[in-house]
Amino acid sequence: MKRFLAALAAIIIAALPSSAQSSKNNSGDSILGKYESIQGGEGYRVNVTKKADGTYKAQIYWLKQPIDPKTGEKKLDTKNPDKSLRNKPSDQVVLIDGLKYNAEKKVWNDAKIYDPQRGIRANVTCKFLEDGRLSIKGTIMGIGETAYWTPIN
């Protein structure tokens, strides 16, 4: 009996690292990382991080065209409905803040996404597709638009 318990304990201990890893992959933290996309002809990169309260934040950190061709200056978030944020560089805009993971549905939602090209906020739902891309769907009053973010390795 002691040998059986010792063997069982060894199997459980040996299995811990792999089960801990697989539970991370099936958790809300699987969204963490850097992604790239094109929206409205603009190429950009986003970093998704976890906040202290357990929610997630997606922030632009790179634009393919960071300079406004009309002014020759760095692009700013000029369409932001919050006037205090209109002087913020477009390559630092927070797109999503407060995103929560719904483990039952395997989606992230319960937050708003900000579209800096239009200056609007919409409800957002994020989920991984089978090909590994992250589907980002914004909806306002039942009308939606989807962007696809590709993970950057």
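State, to one decimal in nm, how far the label point of I152 lies from the label point of W62, with both points 7 Å from Cα in the Cβ direction.
Label at I152, label at W62, 0.3 nm between them.
In this model, which of K83/K112; K83/K137; K34/K88; K79/K127 are farther than 23 Å apart at the alpha-carbon?
Working: K83/K112 18 Å; K83/K137 26 Å; K34/K88 21 Å; K79/K127 27 Å.
The answer is K83/K137; K79/K127.
For T49 and D97 in one chain, what is 0.36 nm times their gap in residues minus the Cα-Cα distance, to one decimal in nm? Walk me through the intermediate numbers first.
Details: separation 48, 0.36 × 48 = 17.28 nm, distance 0.98 nm.
Extra length from T49 to D97 when fully extended: 16.3 nm.
What percent of all Cα-Cα pairs in region 100-139 falls in each 5 Å bin, counting up from 0?
Result returned by the calculation: 6, 23, 26, 23, 13, 7, 1.
Let's test the formula: R0 of 22 Å, r as the Cβ-Cβ distance of K105 and S37. What FRET efficiency results, to the nearest 0.05?
Numbers: r = 23 Å, r/R0 = 1.04.
With R0 = 22 Å, the Cβ-Cβ based efficiency is 0.45.
Take the Cα radius of gyration of region 52-153 and divide it by 2.2 N^0.38 Å, with N its residue count; two decimals is plenty.
For region 52-153, the normalised Cα radius of gyration comes out at 1.16.
Which of the aspartates and glutamates could a cross-linker span from K50 if the Cα-Cα distance has to be under 12 Å and same-chain partners fewer than 8 positions apart are dropped?
Partners within reach: D29, D97.
Values quoted throughout were computed directly from the atomic coordinates according to the rules given, and no laboratory measurement underlies them. Just so it is clear, the model here is predicted, and its values are computed rather than measured. Quick reminder, even Gly has a Cβ in these numbers, built from the backbone with ideal geometry, and neighbours come from all protein chains shown.
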